[in-house]
Structures are given as structure tokens and as C-alpha cells.
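Where a number appears in this text, it was derived from the coordinates with a stated rule and is not lab data. Since the structure is predicted, the reported quantities are computational estimates derived from the model, not experimental observations. Quick reminder, even Gly has a Cβ in these numbers, built from the backbone with ideal geometry, and neighbours come from all protein chains shown.
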Amino acid sequence: MRYTETTGDFSRKFRLESRRIFNLRVARARHDERDRMDIASHLEKLERFERARHKLDPEMEFEMWYWMSLSGGTNAINAALHAAKLTVDGDYFPTQSVDVYLQGGRHDEPQSWKPKFMWDVDVIHIHMPEVSKPLTPKLEQAYAAMQVLEDVRDPCVRGGRKITKKIVREVDAAYTAAVALCREIVAEAGAVKSPGRSSGAAPGSTARPVRVVKKKARRGKRS
């Protein structure tokens, strides 16, 4: 009886360990696929930034709202650059050093990422790094719109310029234009279906919707 119990325990542990190894291999395969920074990945990140942006107050929480705008817009730019075949997607991530990227690693193994010089891949900001091929007209417009956001960063985020409604409107308008143009580029290329926009915002915009409170008209006194 003791022999049977031991055998049963061993068989159960073997099945559990086999299942664990199988699940680990599946997870790693999915992880490798998910790590690839392709158009769909950039658009997925854009959607997450937009959801966070939508929850923030543009004036009271300007710095966070701004970074969600800049980061989301940059992911939209990268998706459009891939769709226009001006840059190459792949299993790599940019660093803060221009043209230096980390490639071929796993998130659970930091030491596995190796630095490599690469060109015409993801940008971390517009013009950083520059793309070697000429931009399409729509990408030039998207770059121009994103430049509005870039120009705001130093004085308003790193500096102490007062945040005004005018600055918020300009940033929101530029962000909205840039993202809309990038979505058009991706759609025209037929590269990937663009995810839906967040609810509650105007088409092409993810600014927080303004709640309008209607006042009841006062009734006049009867004579």
C-alpha cells in the first residue's frame, strides 16, 4: 500500500511538473510574440495611454496628462512609420542613447538584452533619431503636430511656466491631429485594424469630455 501511495504521489507530481513546463513554454512563446514592437503593439500602447489620459484633468494634472499625450503620440508616429515602410519593426527596444537599441532578450532575464547600433527603427521622439527616408506628406503633418507638444515640454513640464487653458487647447489639438493622421496612414496601408477610440471623447480626440450642467429656467412671478 505504501508503494502504491508513493507511486501515485510521484505520478501526480510528474503530471504537475510536465504541465508547469508546458505552460511556461507557451507563456514564453506568447511573451516573445508580445514583445515584438510591431504596428499592433504601438497601437495597443496608444490605447492604454489614451485611457489614462482620459482620466486626468488637463490643467490640474497637466504633467501626467502631457506625458500621456507625448508618449501616446510617439507610439502613433512609430506605428505610422512602420506602416509607411520608413522604419522596421522587430524585437528591440530603444534606449536614451540615439541609435543604441537593446535586442534579443527577455524581460525576466535583464542580462539577456544586448546593445546594438540600429537605424531606421523606432524613434523615441520625432527627429530622435532621424529617419533616413523622406517622410510622406501626412507624416510631415503628424511630425509638425507633435512638434507643438515637444516645444511645450521644457517650459511647462521641466520649467515653471503657468499652465493655461490656451496651452491645454493647443496641446490637445496638436495631439488629436497627430494621432488622427497616424491612424489614417495605418488604415490606408491596410497594416492593421486601428483600435476603437475611448468613449466619451470627440472623434479623433481623447480630451476629457466637458460636462455641461443645464440650469433650469426660473419661472416668473404670477401677477
(message) Using the Cα atoms of region 36-189, I'd like the radius of gyration and the largest Cα-Cα distance, Dmax, both in angstrom.
(response) 15.8, 47
(message) What is the ratio of the Cα radius of gyration of region 82-136 to 2.2 N^0.38 Å, with N the residue count, to two decimals?
(response) 1.19
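For region 128-185, what does the alpha-carbon gyration tensor say about shape, rounded, prolate or oblate, given a ≥ b ≥ c as the root eigenvalues, a/c under 1.5 as rounded, and a/b over b/c as prolate? Walk me through the numbers before you get to the answer.
Values: a/c = 3.95, a/b = 1.69, b/c = 2.34.
It is oblate, given that a/c is not under 1.5 and a/b is not larger than b/c.
Suppose R0 equals 41 Å. What FRET efficiency, 1/(1 + (r/R0)^6) with r the Cβ-Cβ distance, do Glu44 and Lys162 give to the nearest 0.05?
Between Glu44 and Lys162 the formula returns 0.70.
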(message) Please list, in order along region 81-90, the HN-Hα scalar couplings obtained from phi with the Karplus expression 6.51 cos²θ - 1.76 cosθ + 1.60 (θ = phi - 60°), rounded to whole Hz, x for Gly and Pro.
(response) 4, 5, 5, 7, 6, 9, 9, 10, 7, x
